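The values are calculated or read from the model by the stated rules, or taken from the named source; none is laboratory data. The shown structure was predicted, so the numbers you read here are calculated from the model rather than taken from an experiment. In this analysis, Cβ positions are derived from the backbone assuming ideal geometry, glycine residues included, and neighbour counts consider all displayed protein chains.
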Amino acid sequence: MTPQEIESAVEAGMPRAVEDLTRLAAIPSVAFPGHPDEPVLAAAALTEELLRGAGLRNVRQIPVEGSFPAVYGEAPAPAGAPTVLLYAHYDVQPAGDLAQWRTPPFEPTLIDGALYGRGTADDKSGVIAHVAALRAFNGEFPVGVKVIIEGQEEYAGERLEDFVEANPELVRADAIVVADCGNPRVGDPALTTTLRGMAAFTVEVRTLREALHSGGFGGAAPDALAALMRMLSTLHDDRGDVRVPGLAQGTFDGSDESEDDFRISAGVLDGVSLVGSGSLTDRLWASYAITVTGLDVPTVSGAVNAVQPVARARVTIRIPPAGDAKTALDDVTGFLQKVAPWGAQVTFDDFVTGSGFTAGTGGRARAAIDGAMERAFGRTPRDVGQGGSIPLVAKLSGLFPEAEILLYGAEDDDASIHAPNERVVLDELRRVITAEALFLANYGA
Ligand SMILES: [Zn+2]
C-alpha cells in the first residue's frame, strides 16, 4: 500500500475506531482489589473481539497467574520481513473522586473533538491505535505482527513480567511498540526514549515499649514519630534536591520543557515554588526523586496526648534511566539508618525495585517511525523522557536486548490520566493511528 492509501484507510476507519473506543471505555475495567471482576473480563472479551476483527490469527485470552487474562493475537511475517510486538493494556485506573468529574467517568462523552472518560487515553487509546492501524491493512500485513494487551497494568503489574519471562517465544519480536505514552503537547510528536526506574520500601521506627502520656513523659521520652520526621527531613536539602550520598543528579540529553507549562499541568499554587535545581527535564527524567507516599501515624481526629512508641513511612525512589534500583535502595535505607536519632530502632521491609530504560539509537525501527511520524504530524519526533516507570519495558529490553523498543501514544500531558476528566483528543488519536500504520509499512519495506 502507498502512504496515501494507508492514510485514506485510517481516515475512513476513524468513525469505527471512535465507536470502538467509546464501547471499550464505557466498561469500568478497574483491575484493583475491591472492584468487581466482571467488567474487567468484559473488557478482555471486547478486546479479543477487536483483535479478531483486525485480521489477526490465533486470537485468544491468555491466563496470567494471579492476574486478569492478557489478550493475544498474531499474524505471520511475510518472507524476509521483521516482526513487531504491539503492546497496550485494557485495564484502567479507578475513577477516584466522582465529584471532580464533569462527565460520568464511564459514559464516554465527546466534547470539542475530545472523548472524555476514564481510560479513553490510558490506555484504551493504545488498544484502539493498534486495532485501527492493523485494520488499515485489511489482513495483508507488511510485517509479522504480535499483539499483547495486558489486563492488569495499573495495579501492581509484575505478573505479566513473570509471564513473558516464562514465555519469551510468544512475544519475541524485532521491534516492540508500546502505545502507553504520549506527546508533551497535542500535535507535537515525540518518542519516549528514557524511563526512570523505581524502588520503594517501608521504614519503621521504634523507641518505646508503648505510648506514654505526653504530659508525664514528653520532654524526655524519645518520640518515634519525631524521630521518623527528623529522618525523613534529611532526605532533601532546603531547595528540595535529594541529598542522600551516592544519588547524584543526572542530565537529560534533549530539549528542555517550560517551567510555566509544568506549573500549570502540575497545578502548583500561586506563590509556591518548584523544588530542586537544574533544568526541569534533568529533574523529572534523569535524576533521583524521593517521595514519602504514606505514613502510619495517629490521625488528627484520633489524636490523644501521647508520645508515640512507633511510626512508619512508605518511601518511593525514582531512579535515573541508567541507575541501579537496588543500589539506590541500599543508599537511601543506609542513610536513614545512619541519621536515625537517639538510638531509635529502625527496620526496613516491603521492598520493591524496577529498572529504568534507555532506548537504543540509530536502528531500523527508529528510522521507520521517524518517517511515519513526520508524515502523520508534519515533523519528525523529538526525544522525551518519562519520569514514571514501565517495568514491563525494562523486562522486555532485558529479555530481547536486540529488539528496538518504541514508546508513544495519544496520552499527551494534558490527557489527565490517573486524574478526573481524563480525555483523548481524537485528531491526536488519528495521527497516532496513521503514524503506527505508516510505521508498519515503512518497517516492512
Ligand atoms: Zn497506562
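For this structure, a couple of remarks:
- Pairs, first closer than 23 Å to residue 316 by Cα in segment 379-390, second assigned to a loop (DSSP other than H, G, I, E, B) and small (Gly, Ala, Ser), C-beta under 7 Å, six or more apart: 384/254; 385/286; 389/356
- Count of segment 267-295 residues which are in contact (Cβ under 8 Å) with a residue 60 or more places away in the chain, among the aliphatic types (A, V, I, L, M) and exposed (fewer than 13 other Cβ atoms within 10 Å of the Cβ): 0
- Of all the listed residues (410, 419), the sole one being within 15 Å of the ligand (Cβ to nearest atom), within 30 Å of residue 260 (Cβ to Cβ) and either modelled with pLDDT under 95 or β-branched (Val, Ile, Thr) (or both) is 419.
- Of all the listed residues (432, 339, 425), the sole one being surrounded by fewer than 17 Cβ atoms within 10 Å (Cβ to Cβ) and either closer than 23 Å to residue 282 by Cα or in contact (Cβ under 8 Å) with a residue 40 or more places away in the chain (or both) is 339.
- Failed condition for residue 83, given (1) under 29 Å from residue 443 (Cα atoms); (2) within 16 Å of the ligand (Cβ to nearest atom); (3) not hydrophobic (A, V, I, L, M, F, W, C): (2)
- Scope segment 150-185; condition surrounded by fewer than 24 Cβ atoms within 10 Å (Cβ to Cβ), among the acidic types (Asp, Glu) and not in a loop (DSSP other than H, G, I, E, B); matching residues: 161, 162, 165, 169
- None of 407, 399 is under 20 Å from the mean Cα position of the chain (by Cα) and under 28 Å from residue 431 (Cβ atoms) except 407.
- Checking every residue in segment 369-389 against the condition of being surrounded by fewer than 20 Cβ atoms within 10 Å (Cβ to Cβ), within 24 Å of the chain's Cα centre (by Cα) and under 30 Å from residue 228 (Cα atoms) gives at least one match.
- Tally, over segment 348-370, of residues that are in contact with a Pro (Cβ under 9 Å, 6 or more places away or on another chain), in a helix (DSSP H, G or I) and touching a residue at least 24 places away in the same chain (Cβ under 8 Å): 3
- Residue in segment 241-258 that is of a type outside the set (Gly, Ala, Ser) and part of a strand (DSSP E or B) present: yes
- Restricting segment 187-226 to residues that are crowded, with 18+ Cβ neighbours inside 10 Å and closer than 30 Å to residue 375 by Cα, the residue that is farthest from the ligand (Cβ to nearest atom): 189
- Residues satisfying the stated conditions in segment 332-347, i.e. in a helix (DSSP H, G or I) and either in contact with a strand residue (DSSP E or B) (Cβ under 7 Å, 6 or more places away or on another chain) or at positive phi (or both): 332, 333, 336, 337, 342, 343
- Exactly one residue out of 157, 96 is modelled with pLDDT under 95, in contact with a strand residue (DSSP E or B) (Cβ under 8 Å, 6 or more places away or on another chain), within 16 Å of the ligand (Cβ to nearest atom) and under 21 Å from residue 36 (Cβ atoms): that is 157.
- Set 139, 119: member being more than 16 Å from the ligand (Cβ to nearest atom), in contact (Cβ under 8 Å) with a residue 60 or more places away in the chain, on the phi > 0 side of the Ramachandran plot and not basic (Lys, Arg): 139
- Tabulated pairs, segment 162-183, first farther than 13 Å from residue 86 by Cα and of a type in the set (Val, Ile, Thr), second within 16 Å of the ligand (Cβ to nearest atom) and not in a loop (DSSP other than H, G, I, E, B), C-beta under 7 angstrom, 6+ apart or interchain: 164/395; 164/396
- Pairs, first touching a residue at least 40 places away in the same chain (Cβ under 8 Å) in segment 252-266, second among the small types (Gly, Ala, Ser), C-beta under 6 Å, six or more apart: 252/286; 252/385
- Summed over segment 82-113, the residues that are surrounded by fewer than 17 Cβ atoms within 10 Å (Cβ to Cβ) and closer than 30 Å to residue 395 by Cα give a count of 2.
- Residue satisfying all of: in segment 379-407; assigned to a loop (DSSP other than H, G, I, E, B) and among the hydroxyl-bearing types (Ser, Thr, Tyr); nearest to the ligand (Cβ to nearest atom) among these: 389
- Answer from 65, 74 - the residue that is touching a residue at least 40 places away in the same chain (Cβ under 8 Å), more than 16 Å from the ligand (Cβ to nearest atom), within 21 Å of residue 180 (Cα to Cα) and among the acidic types (Asp, Glu): 74
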